[in-house]
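Take a look at the structure below.
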Amino acid sequence: MGSRLCNQLFHASYVSGAFGAEWSVKYNQQEICALKGSTVFMNGTFTHPEGLTVTETFWVKHPAPGVEPSDLSKDPDYSGRVEFFTDEQKHFFLKLSDVVKKDEHQFCFRIKTNVEKERWVGAPGVQLRVTELHVEAPEEVTEGETADLTCKTTCSLTDPTFIWYKNGRPLTTKIIKNNQLHLQTVSSEDAGSYSCAVRGSQHLRSTAHSLRVRYPPKNVSVSISPSGEIVEGSSVTLTCSSDGNPPVKIYTWFKGSTSVGEGKTYSIPNIRSEHSGEYTCQGRNDHGERRSTAVKINVLYPPKRVSASISPSGEIVEGSSVTLTCSSDGNPPVKIYTWFKGSTTVGEGKTYSIPNIRSEHSGEYTCQGRNDHGERRSTAVKINVLYPPKRVSVSISPSGEIVEGSSMTLTCSSDGNPPVKIYTWFKGSTSVGEGKTYSIPNIRSENSGEYICQSRNDHGERRSTAVKINVAYPPKNVSVSISPSGEKVEGSSVTLTCSSDGNPPVKIYTWFKEGGTSPVGSGHSYSPLQRGSYYCEAQNQHGAQRSDLVTVDLNGHLVTLYAAAGVGLCEVAVFLAAFFWKRRKRQTRNMNEPDYVNTRRRTKPPDDDSCSVDDYENVTKAGLSAPPPDDDSSGDQDYMNITVSSKYLAVITTQYNCILRNAESK
């Protein structure tokens, strides 16, 4: 179909060019069968009419009627998989990597020249077929029969040489003809997993095919457990092993020519000398039967009544000496004795001595006696070493941070033999309690300190290392100090400092004014902007506590402080008026002159005032009322009634700046 398309679209239109010579495109192969995953090469030669210059060459697939064919290298399905080039001798090449089934197309070579209408698509193109290898073979065959395995493809590969693998390894000794593997007279060794490949593309193997071979029992053999010499009184188990397909299910045991049992195993408990003799096993399946070679059982007499004794008898205390002695009855007499602690060898000889015995020597000991016919171990004797307390330690519950008011328990652990029953608790050098545990309900800060546990048994005593208890608690003893102390001077500033006791130490301080609900400041120290009563609140992660009230009386820069604190312009106006009146009053008193300041008349202030006339008069334009009475005993808010017109608020701001400069210069 693709070849016909190339012909229909291009071949009929451009058989010869305007320059008098014909176009031609010749492919070295027009049909290619490739293995999935392999790399395919397409190549050929071309000619074009004289006088034309080739401007572009590329490959296309299945061009459609009336549609300009697109460059294969720009197709997303072929990104990174195609390479093509043309040399000066007009040879062209296409390399297509990792081919897949959907690459089965007709591929054509496209030529463009410097003349728009002089272009060519070589047709017919190259038809690509993609195949995979798979093995066609019987699932199962009986030993002695023949079997053929075929490596199949869906298209014809070019000159393929087939390679066969069994269980992943190349087959070199079997008959291989074309794509077929011939197994003549199948045996059980032929069972396995088979796959095939083509030489040059061995990495592109077929999926494996499992071949099963049915055969009668083979390799029938008998094993004896325990192996080695067989000692009277022991138990012996004979086990029959065989290889057959289907697996052997019928086993028969013979002693000499007499049948003595059935089953895969044959056991003789408490064997005696009369069990000596030759034993064989016969295995049978659907395809036949076979006997094992004979195994001989020879019953011998190993040591008997092996026992161990301890000297001295009675309690064994750490630091003393102990001797273990082994005795046995055997034929021939036992000459080799081995001592074990648990399963570990610890010594040789009829006796085993432990001078200066330690707690780690405690455990179960056995001795093993051996002669020419076997060995036997004694029953275990237990050594229990007594010792004073060791590894005394203290644990705290609950773990983590200990907070005042909670409950805490100290638990003492120790290793001693006999176990420790007497525990004494110390805080520092003072005894504070008895028992394995020491509890402190509702713990207080004064319970902080180092605690030690002392353990005692019949053989001594030992103390633990100290554990430190650090009780955390919320702030206490919160107080406020004032700096500077004593009588306040006009224009001075005041600093309040908060102190407290807490564990962990307090880092969060918050300041409040009496009667207020919102904080007015934070930090260890605070400088108030208004007179009044203040307190601080100290807080850590375990709680908070407030101080008592302290009273602050501020003079001088009160207006400035208020303005710095960000109060509204109306409040600033109140303090501006107060500032003016008090200042004028003090000046007139000092000069023994009548009070000449009247904010209603807008008269010029004294020469020593740094504020300009305009500034001073602007205050009166804002609508300030008459000055307060001579008596200074009342607060500013008590004796002043100041009304501020909203349109003069900017004027008050200007005057405030003037007053601030004047106050700072004074």
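Mind checking whether some residue in the range 199-208 is open to solvent by 50 Å² or more (accessible area, probe 1.4 Å) and either aromatic (F, W, Y) or part of a strand (DSSP E or B) (or both)?
No, the conditions are met nowhere in the range 199-208.
Within the range 79-111, track down each residue that is in a loop (DSSP other than H, G, I, E, B), in contact with a strand residue (DSSP E or B) (Cβ under 7 Å, 6 or more places away or on another chain) and either in contact (Cβ under 8 Å) with a residue 60 or more places away in the chain or open to solvent by less than 10 Å² (accessible area, probe 1.4 Å) (or both).
V99, V100, H105
Based on what the data block shows, is L324 open to solvent by less than 40 Å² (accessible area, probe 1.4 Å), modelled with pLDDT under 95 and among the hydrophobic types (A, V, I, L, M, F, W, C)?
no
Can you tell me which of (1) modelled with pLDDT of 95 or more; (2) surrounded by fewer than 18 Cβ atoms within 10 Å (Cβ to Cβ) is the one D415 doesn't meet?
(1)
Of the conditions (1) surrounded by 19 or more Cβ atoms within 10 Å (Cβ to Cβ); (2) without any contact (Cβ under 8 Å) to a residue 60 or more places away in the chain; (3) among the basic types (K, R), R214 satisfies every one except a single condition; which number is it?
It fails just one condition, (2).
Out of (1) open to solvent by 50 Å² or more (accessible area, probe 1.4 Å); (2) part of a loop (DSSP other than H, G, I, E, B); (3) farther than 26 Å from D75 by Cβ, what's the single condition that is false for D148?
Looking at each condition in turn, D148 falls short on (2).
Between a first residue in the range 156-178 that is at pLDDT 90 or above and open to solvent by less than 70 Å² (accessible area, probe 1.4 Å) and a second residue that is of a type in the set (V, I, T) and part of a loop (DSSP other than H, G, I, E, B), which pairs have beta carbons less than 9 Å apart while being 6 or more apart in sequence or on different chains?
Matching pairs, first to second residue: P160/T153.
Restricting to the range 309-320, name every residue that is in a loop (DSSP other than H, G, I, E, B) and within 54 Å of the chain's Cα centre (by Cα).
Residues satisfying the conditions are E315, E318, G319, S320.
Conditions (1) at negative phi; (2) touching a Ser or Thr at 6+ places or on another chain (Cβ under 7 Å); (3) open to solvent by 40 Å² or more (accessible area, probe 1.4 Å); (4) assigned to a loop (DSSP other than H, G, I, E, B), marked per residue:
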| residue | (1), (2), (3), (4) |
| --- | --- |
| S221 | yes, yes, yes, no |
| I224 | yes, no, yes, no |
| S227 | yes, no, yes, yes |
| T237 | yes, yes, yes, no |
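Just one of the numbered conditions (1) over 19 Å from P226 (Cβ atoms); (2) assigned to a loop (DSSP other than H, G, I, E, B) is not true of T325; which one?
Checking T325 against (1) over 19 Å from P226 (Cβ atoms); (2) assigned to a loop (DSSP other than H, G, I, E, B), the one that fails is (2).
If the Cβ limit is 6 Å and pairs must be 6+ apart or interchain, which residue in the range 254-279 that is closer than 15 Å to T237 by Cβ and without any contact (Cβ under 8 Å) to a residue 60 or more places away in the chain pairs with which residue that is surrounded by 14 or more Cβ atoms within 10 Å (Cβ to Cβ) and of a type in the set (D, E, K, R)?
Final answer for the pair search is Y279/K255.
Filter the range 423-440 for residues that are surrounded by fewer than 14 Cβ atoms within 10 Å (Cβ to Cβ) and in a strand (DSSP E or B) and give the result.
The answer is T430, S431, E434, S439.
Kindly evaluate P247 against the criterion of being in contact with a His (Cβ under 7 Å, 6 or more places away or on another chain) and part of a loop (DSSP other than H, G, I, E, B).
no
I need the full set of residues from the range 121-141 which are in contact with a Lys or Arg (Cβ under 6 Å, 6 or more places away or on another chain), open to solvent by less than 20 Å² (accessible area, probe 1.4 Å) and modelled with pLDDT under 95, in order please.
Listed by number, the list holds a single entry, V121.
Under 6 Å between Cβ atoms, at least 6 apart or on separate chains: pull out the pairs that start in the range 449-460 with a residue that is within 14 Å of E318 (Cα to Cα) and end on any residue that is loosely packed, with under 15 Cβ neighbours inside 10 Å and not small (G, A, S).
Going by the 6 Å Cβ cut-off, the qualifying pairs are N457/P418.
Quick one: P269 ticks every box in (1) touching a strand residue (DSSP E or B) at 6+ places or on another chain (Cβ under 6 Å); (2) under 23 Å from H373 (Cα atoms) except a single one, so which number is it?
It is condition (1) that P269 fails.
Could you please find all residues in the range 452-465 being outside any strand (DSSP E or B) and open to solvent by 60 Å² or more (accessible area, probe 1.4 Å)?
Within the range 452-465, D458, H459, T465 qualify.
Name the single residue that is modelled with the lowest pLDDT among those in the range 333-358 being part of a loop (DSSP other than H, G, I, E, B) and open to solvent by 40 Å² or more (accessible area, probe 1.4 Å).
Checking each candidate, the answer is P333.
So, in the range 253-288, of the ones that are within 15 Å of P216 (Cβ to Cβ) and of a type in the set (S, T, N, Q), which residue ends up modelled with the lowest pLDDT?
N285
Determine whether G192 is under 47 Å from the mean Cα position of the chain (by Cα), at positive phi and open to solvent by less than 70 Å² (accessible area, probe 1.4 Å).
So G192 passes the test.
Quick one: would you say N477 is open to solvent by 70 Å² or more (accessible area, probe 1.4 Å), of a type outside the set (D, E) and more than 39 Å from the chain's Cα centre (by Cα)?
In short, yes.
Any residue at all in the range 386-395 that is of a type in the set (F, W, Y), crowded, with 19+ Cβ neighbours inside 10 Å and within 30 Å of I230 (Cα to Cα)?
No, that holds for no residue.
Please work out if I443 is in a loop (DSSP other than H, G, I, E, B), of a type in the set (V, I, T) and surrounded by 14 or more Cβ atoms within 10 Å (Cβ to Cβ).
yes
The values are calculated or read from the model by the stated rules, or taken from the named source; none is laboratory data. Since we're looking at a predicted model, the values are computed, not measured. Here the Cβ is made from the backbone with ideal geometry for all residues, glycine too, and neighbour counts use every protein chain on show. Accessible surface areas use protein heavy atoms only, side chains included; no ligands, DNA or RNA. Shrake-Rupley method; radii C 1.70, N 1.55, O 1.52, S 1.80 Å.
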